[in-house]
Amino acid sequence: MDNARTVALLNRVLHGTVNSVIQYLDIARPYVPPQCEEDLKELQRLRDEEAASAGKLTALIAELDGVPKVDPFDYWNLDLNYLDVRYLARFAAKHQDKAIAEIEAHIESVRDDARVYRLLQAIVAEKHAHKDVLLKVADKPSPEVDPEIKAKAQPKDCQHAPRPVRE
């Protein structure tokens with residue numbers, strides 16, 4: 001594969017890494033239920049690992065005399081802010097599937113360049129591992145609500161007092 005096509009492939013992988021939902025989680029300010037507080041730290045670890053991979057991709061692109069570039073966030077038109085972290089984790093796992101498929105579809109074309117091939121293999125493995133973590137977070141059940149609290153939270157026949165009629 002020539003350098004221009006290799007750089008184009010690396011830029012697509014860079015895009016899928018820099019613009020991942022994992023990277024967006026900090027900005028999204030998700031709702032984190034009490035049973036998921038530790039998971040948020042784990043998701044931040046995944047974000048840091050992706051950022052490190054993005055740095056390696058950027059360095060390799062530069063070594064190949066390319067210019068690192070990414071397109072806008074794929075989900076720019078969706079409101080992903082303040083959603084439950086479990087929902088966002090499942091959404092992020094689906095994004096990982098797309099990123100993995102992109103790499104796996106083209107990885108054999110760079111087998112002759114050991115640096116590129118090894119880096120892409122490592123990134124695919126990382127994305128698979130991240131997907132596993134994301135799915136564990138996504139599959140966490142909601143805690144059982146105390147029936148007494150649940151009963152008190154049920155709507156009443158009329159939530160608002162009627163307004164007096166003005167004559």
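How many residues are modelled with pLDDT under 70 and surrounded by 10 or more Cβ atoms within 10 Å (Cβ to Cβ) when one looks only at segment 139-158?
2
Hey, any hits in segment 128-140 for a residue that's over 18 Å from L60 (Cα atoms) and not in a helix (DSSP H, G or I)? Step through it out loud before you land on a result.
Going residue by residue through segment 128-140, those that are over 18 Å from L60 (Cα atoms) are 128-140.
Adding the requirement that they be not in a helix (DSSP H, G or I) leaves 139-140.
Yes, because at least one residue in segment 128-140 is over 18 Å from L60 (Cα atoms) and not in a helix (DSSP H, G or I).
For segment 18-119, which fully contained helices (runs of 4 or more DSSP H) count at least 3 residues that are acidic (D, E)? Before you say what the answer is, go through the steps one by one.
On the way: elements: 21-28, 37-63, 85-106.
Because the criterion is at least 3 residues that are acidic (D, E), the helices (runs of 4 or more DSSP H) in segment 18-119 that meet it are 37-63, 85-106.
Tell me which residues, restricted to segment 74-94, are at pLDDT 95 or above, in contact with a helix residue (DSSP H, G or I) (Cβ under 6 Å, 6 or more places away or on another chain) and of a type outside the set (A, V, I, L, M, F, W, C).
Listed by number, the residues that qualify are R86, R90.
Mind listing just one residue for me: the one in segment 1-17 that is among the hydrophobic types (A, V, I, L, M, F, W, C) and either within 16 Å of the chain's Cα centre (by Cα) or part of a helix (DSSP H, G or I) (or both) and, of those, surrounded by the fewest Cβ atoms within 10 Å (Cβ to Cβ)? Spell out how you get there, then give the answer.
Going residue by residue through segment 1-17, those that are among the hydrophobic types (A, V, I, L, M, F, W, C) are 1, 4, 7-10, 13-14.
Filter once more, so that each one left must be either within 16 Å of the chain's Cα centre (by Cα) or part of a helix (DSSP H, G or I) (or both): 4, 7-10, 13-14.
Values: A4: 11, V7: 22, A8: 15, L9: 21, L10: 23, V13: 25, L14: 23.
Checked segment 1-17; the qualifying residue surrounded by the fewest Cβ atoms within 10 Å (Cβ to Cβ) is A4.
Of the residues A93, A101, which is of a type in the set (A, V, I, L, M, F, W, C), closer than 30 Å to Y31 by Cα and in contact with an Asp or Glu (Cβ under 9 Å, 6 or more places away or on another chain)? Full working, then the answer.
On the way: A101 fails: in contact with an Asp or Glu (Cβ under 9 Å, 6 or more places away or on another chain).
Residue meeting the stated conditions: A93.
The values are calculated or read from the model by the stated rules, or taken from the named source; none is laboratory data. Because the structure is predicted, anything quoted here is derived from the model rather than measured. For neighbour counting, all protein chains shown are included, and Cβ atoms are generated from backbone atoms with ideal geometry for every residue, glycine included.
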